[in-house]
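Right, one structure below, let's go through it.
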Amino acid sequence: MEFDFDIVISGGGVAGLTAAAVMGAEGFRVLCLDPAPPVTEASAEGADLRTTAFLQPAQALLAEAGIWDHLASHAAPLRIMRIVDAGGPEPEPRVIRDFDSTDISDLPFGWNLPNWLLRREILARLGALPNVTFRAGTGTSSLFTREAGAIVGLSDGTRVKTRLVLAADGRNSPMRQAAGIGVSTRRYGQKALAFSVSHPLPHENVSTEIHRSGGPFTLVPLPDHEGRHRSAVVWMEDGPRVQQLAALEVEAFEAEMNRRSCEILGPLSLLSRRSVWPIITQVAEHMSGERLALMAEAAHVVPPIGAQGLNMSLGDLRCLRDLARAAPDRLGDARMMAEYDRARHREVQIRAAGIDALNRASQISAQPLRDLRAVGLDALYAAAPVRKVLMQMGLGAKG
Ligand SMILES: Cc1cc2nc3c(=O)[nH]c(=O)nc-3n(C[C@H](O)[C@H](O)[C@H](O)COP(=O)(O)OP(=O)(O)OC[C@H]3O[C@@H](n4cnc5c(N)ncnc54)[C@H](O)[C@@H]3O)c2cc1C
């Protein structure tokens, strides 16, 4: 079979664009497709207002692919992960525990960046890679595979031949469905609100997760802007409560969020729109098929706790890059696809199960169980070796 491209990437979200840069930097001929044009300004309609905290291993991958140079000056480092239990009868901090990156490393745990800016800067990097084509406005629509290669049908009616199809086309992945790979899904009746705020107290590069009921309220540092201290917020609650919060006038919303944040950084002021995200855990039955590798939300969706989602996705990508680098002539063959599934599927299942347990613990509303959660946090924290292992696992440095 004559191939038009070595790799066709279905999906130009943050995961798909990063994959295009990483595989392009390896010298492969890459085509990346997305039916939706990327939105690269915060104020534009449809902008992704979430932020992503890149943990150490993910940052290393971005640096190797020449992306980090574009991002470093926009990133806020995260030096401390603070867990606050505010699960008593009144919303006030009753247990505060700090996980300090200097306990395990000279580097910060991670670096936080807005998603719309990631798209802008990764596209700038792709512009410097002549072997990478990014086509916005065209999606993938069909998949035909043989042992020797794959033929991908596109929404403009054309077809391309490739050695490997990389599905990074989101939680309803059309390529995963075309290959007949099923998923197992857990629903929580929960949603997340994502927005940014300013606050009078500096965050001091501390990421703070406040637990009460309904899910965590997480403040993640952003760089100061025009003399104001800023953070990104992800606030998880039961679905109907989130819809109600999203519809409130700004002043009423600020009063609710300040009650929930326990004013840990002083009174918060809303700086952006509020976007609403449904929360599920979902894992694909396999991470690969014939000439097909699934990555990111096409393979796994987890609640936004501990900054695991996209970081797991970059773990998928690193694994695939290493396999391709070790045996470029075998790119996408049956052995490589089996190796990829073996290396990633179990790890993804274990991590998804851990995040699911944390999320359910954070959702509980019964007072005695909330009290038990506070005791559990204290016990985990008190044992220094356990604390360090937890931190390394959180980074993805330990499975
Ligand atoms: C509130 C919130 C906060 C989060 N915070 C963090 C964090 O701090 N750290 C972290 O690691 N993760 C975080 N995550 C998770 C992270 O945002 C996701 O893992 C990531 O954005 C998903 O990226 P993706 O590229 O897989 O999917 P998507 O962003 O859904 O991209 C999929 C793309 O595929 C395209 N597509 C659809 N159909 C087709 C087709 N037929 N052909 C081609 N393309 C197609 C879509 O248009 C889309 O652009 C968070 C998630 C949420 C909900």
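Among the residues of segment 235-261, just one is closer than 14 Å to V276 by Cα and assigned to a loop (DSSP other than H, G, I, E, B), namely L248. Check whether at least one residue in segment 300-319 is without any contact (Cβ under 8 Å) to a residue 12 or more places away in the chain and open to solvent by 20 Å² or more (accessible area, probe 1.4 Å), and report yes or no. No, segment 300-319 contains no residue that is without any contact (Cβ under 8 Å) to a residue 12 or more places away in the chain and open to solvent by 20 Å² or more (accessible area, probe 1.4 Å). Identify all residues within segment 1-16 that are away from the ligand (no atom under 11 Å from the Cβ), part of a strand (DSSP E or B) and of a type in the set (A, V, I, L, M); write none if there are none. Listed by number, the list holds a single entry, I7. Of all residues in segment 90-113, one or more are within 15 Å of the ligand (Cβ to nearest atom), out of contact with any helix residue (DSSP H, G or I) (no Cβ under 9 Å at 6 or more places or on another chain), closer than 20 Å to W277 by Cβ and touching a residue at least 60 places away in the same chain (Cβ under 8 Å). Go through segment 240-298 and count every residue that is acidic (D, E), in contact (Cβ under 8 Å) with a residue 12 or more places away in the chain and farther than 21 Å from L310 by Cβ. So the answer is 3.
Across segment 189-204, the qualifying residues are those that are closer than 25 Å to A47 by Cβ and not hydrophobic (A, V, I, L, M, F, W, C), and the one among them that is nearest to the ligand (Cβ to nearest atom) is K191. Among residues of segment 258-283 being within 12 Å of the ligand (Cβ to nearest atom) and of a type outside the set (S, T, Y), the one that is farthest from the chain's Cα centre (by Cα) is R274. For segment 17-58, the set of residues classified as open to solvent by 30 Å² or more (accessible area, probe 1.4 Å), under 18 Å from A124 (Cα atoms) and not in a loop (DSSP other than H, G, I, E, B) consists of A25 only.
Per the conditions (1) surrounded by fewer than 22 Cβ atoms within 10 Å (Cβ to Cβ); (2) within 16 Å of the ligand (Cβ to nearest atom); (3) within 22 Å of E92 (Cβ to Cβ), the sole criterion not satisfied by G215 is (1).
When the strands (runs of 3 or more DSSP E) confined to segment 105-202 are screened for residues that are out of contact with any Cys (no Cβ under 9 Å at 6 or more places or on another chain), those reaching at least 3 such residues are found at 110-114, 140-146, 149-154, 159-167, 183-199. Could you check how many residues of segment 150-173 are within 20 Å of R321 (Cβ to Cβ) and either at pLDDT below 95 or more than 10 Å from the ligand (Cβ to nearest atom) (or both)? So the answer is 6.
Answer yes or no: is there a residue in segment 77-84 that is among the β-branched types (V, I, T), farther than 23 Å from A232 by Cα and buried (at least 16 other Cβ atoms within 10 Å of the Cβ). No.
All conditions in (1) among the small types (G, A, S); (2) open to solvent by 10 Å² or more (accessible area, probe 1.4 Å); (3) touching a residue at least 40 places away in the same chain (Cβ under 8 Å) hold for A178, with the sole exception of (3).
A quick yes/no check of all residues on (1) open to solvent by less than 50 Å² (accessible area, probe 1.4 Å); (2) touching a Leu at 6+ places or on another chain (Cβ under 7 Å):
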| position | (1), (2) |
| --- | --- |
| W68 | yes, yes |
| R94 | no, no |
| R97 | no, yes |
| G110 | yes, yes |
| L113 | yes, yes |
| V132 | yes, yes |
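The values are calculated or read from the model by the stated rules, or taken from the named source; none is laboratory data. Since we're looking at a predicted model, the values are computed, not measured. Every residue, glycine as well, gets a Cβ built from its backbone with ideal geometry; the counts of neighbours run over all protein chains shown. Heads up: the accessible areas ignore ligands, DNA and RNA and are worked out on the full protein's heavy atoms, side chains in. Shrake-Rupley method; radii C 1.70, N 1.55, O 1.52, S 1.80 Å.
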